[in-house]
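Engineer: Would you mind keeping the following structure in view while I ask a few things?
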Ligand SMILES: Cc1ncc(COP(=O)(O)O)c(C=O)c1O
């Protein structure tokens, strides 16, 4: 079989590959602690599961409109208005199976071959993968530890031009846990407005903020028409396996994205969508409880990592990842991750799984039990001590 040339340009998300390898080791009888995959270890709250069961029993088992059920788009628009303090209308919402398709659809709809796209590096690997896939030119914006893993705004301002067709931002951020300051968001908004560049704002971790208040780039005057918000239910409501997310975008773009939905998925599962209404409108205390628990785990993991030989770790302000500096271990980060998996039975990701500027770091998801996190840190100690020499 001959594969299309474009397939050589499509990347992947290593977390799923490392998960598969870790599972293979488990089948051989090895005990592995999973800190590689980014999903809450909590169950979906009971009232959301009940709503899905009711929806199934009520017959929500058929095709629905490609852009999402009207009542679900309505509920999302209301939620967006409440959480971002901006007006939002149902025709600006497209519901998708998980939030990830919004990246693929928006990049496909906006980027021609040869167009430049700016995106965070280290960052979620699918951005760069899809930019390459559509023939765009990836322009990575480095996130540096020294500046709390915020955007290198000087690079952004220098490189933005008429060739730039999209800026992707992500705050709170995967993999660093960094959060863009209001002032940084303001400067990005100025660049976007100056050159009329759309901004894809990945806000999937907005609930996981441990200090300060969430700020969306949509708050800056004139940005509403330029911003596509990516958000969803996977993380905040512990619904990764349900596949439910959405984008908020100007209606003209929403029409294109809806056509991409017709061509790929037809629609998002109807009973899942109805459970989404229960998530948005129901009791929010499970979300708050999960975030409070993650904050405790963050503090435990950061303290534990800083006590390991050759490892230093800033305290991430958001998301549920630690991104420790392991430069003193004098190995490529992918190799260190491999050694930790094979020798310590701890599955983590090398920083380069998130781009070239991730070299020298590891990503650990602390969405795991306190007991497992303590055990992982203990197991990592002798390996780090040996590598630190
Ligand atoms: C930054 C970021 N955006 C989007 C997603 C995708 O979320 P979903 O599972 O809803 O597709 C993830 C998932 O890991 C993520 O880390």
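Engineer: Exactly one condition in (1) touching a helix residue (DSSP H, G or I) at 6+ places or on another chain (Cβ under 8 Å); (2) within 16 Å of the ligand (Cβ to nearest atom) is not met by residue 274; state its number.
Structural biologist: (2)
Engineer: How many residues does segment 1-45 hold that are closer than 21 Å to residue 103 by Cβ, surrounded by 13 or more Cβ atoms within 10 Å (Cβ to Cβ), away from the ligand (no atom under 16 Å from the Cβ) and free of Cβ contacts under 8 Å to residues at least 12 places away in the same chain?
Structural biologist: 0
Engineer: Among the numbered criteria (1) more than 16 Å from the ligand (Cβ to nearest atom); (2) part of a loop (DSSP other than H, G, I, E, B); (3) over 28 Å from residue 252 (Cα atoms); (4) in contact with a helix residue (DSSP H, G or I) (Cβ under 9 Å, 6 or more places away or on another chain), which single criterion is violated by residue 174?
Structural biologist: Residue 174 satisfies all of (1) more than 16 Å from the ligand (Cβ to nearest atom); (2) part of a loop (DSSP other than H, G, I, E, B); (3) over 28 Å from residue 252 (Cα atoms); (4) in contact with a helix residue (DSSP H, G or I) (Cβ under 9 Å, 6 or more places away or on another chain) except (1).
Engineer: Next up: What number of residues within segment 192-225 are under 18 Å from residue 157 (Cα atoms) and surrounded by 19 or more Cβ atoms within 10 Å (Cβ to Cβ)?
Structural biologist: Selection size over segment 192-225: 9.
Engineer: Go through segment 260-283 and count every residue that is surrounded by fewer than 24 Cβ atoms within 10 Å (Cβ to Cβ), more than 14 Å from residue 64 (Cβ to Cβ) and touching a residue at least 60 places away in the same chain (Cβ under 8 Å).
Structural biologist: 7
Engineer: Name the residues in segment 300-329 that are closer than 16 Å to residue 376 by Cβ and within 16 Å of the ligand (Cβ to nearest atom), would you?
Structural biologist: Answer for segment 300-329, where residues must be closer than 16 Å to residue 376 by Cβ and within 16 Å of the ligand (Cβ to nearest atom): 320, 321, 322, 323.
Engineer: Here's another thing I want to ask about it. What are the pairs, 6+ residues apart or on separate chains, where a residue within segment 309-334 that is closer than 21 Å to residue 171 by Cβ and in contact (Cβ under 8 Å) with a residue 40 or more places away in the chain has its Cβ under 6 Å from a residue that is away from the ligand (no atom under 16 Å from the Cβ) and in a loop (DSSP other than H, G, I, E, B)?
Structural biologist: Close Cβ pairs (under 6 Å, with a partner that is away from the ligand (no atom under 16 Å from the Cβ) and in a loop (DSSP other than H, G, I, E, B)) amount to 317/210; 317/211; 322/313; 324/311; 324/313.
Engineer: If you take the residues of segment 84-107 that are assigned to a helix (DSSP H, G or I), surrounded by 18 or more Cβ atoms within 10 Å (Cβ to Cβ) and away from the ligand (no atom under 16 Å from the Cβ), which of them is farthest from the chain's Cα centre (by Cα)?
Structural biologist: Within segment 84-107, the subset assigned to a helix (DSSP H, G or I) is 84, 90-92, 100-107.
Subsequent filtering for residues that are surrounded by 18 or more Cβ atoms within 10 Å (Cβ to Cβ) retains 84, 90, 92, 100-107.
Subset that is away from the ligand (no atom under 16 Å from the Cβ): 84, 90, 92.
Values: 84: 19, 90: 24, 92: 21 Å.
Checking each candidate, the answer is 90.
Engineer: Something else now. Looking at segment 117-161, which of its residues are assigned to a loop (DSSP other than H, G, I, E, B) and either free of Cβ contacts under 8 Å to residues at least 60 places away in the same chain or in contact with a strand residue (DSSP E or B) (Cβ under 7 Å, 6 or more places away or on another chain) (or both)?
Structural biologist: Taking segment 117-161 first, the residues assigned to a loop (DSSP other than H, G, I, E, B) are 122-124, 134-136, 148-149, 152, 160-161.
Selection gives 122, 123, 124, 134, 136, 149, 152, 160, 161.
Quick note: the coordinates plus some simple rules give every number you see, no bench work behind them. It should be emphasised that the depicted structure is a prediction, and the values quoted were computed from it without experimental measurement. Reconstructed Cβ throughout: ideal geometry from the backbone, glycine too, with neighbour counts over all protein chains shown.
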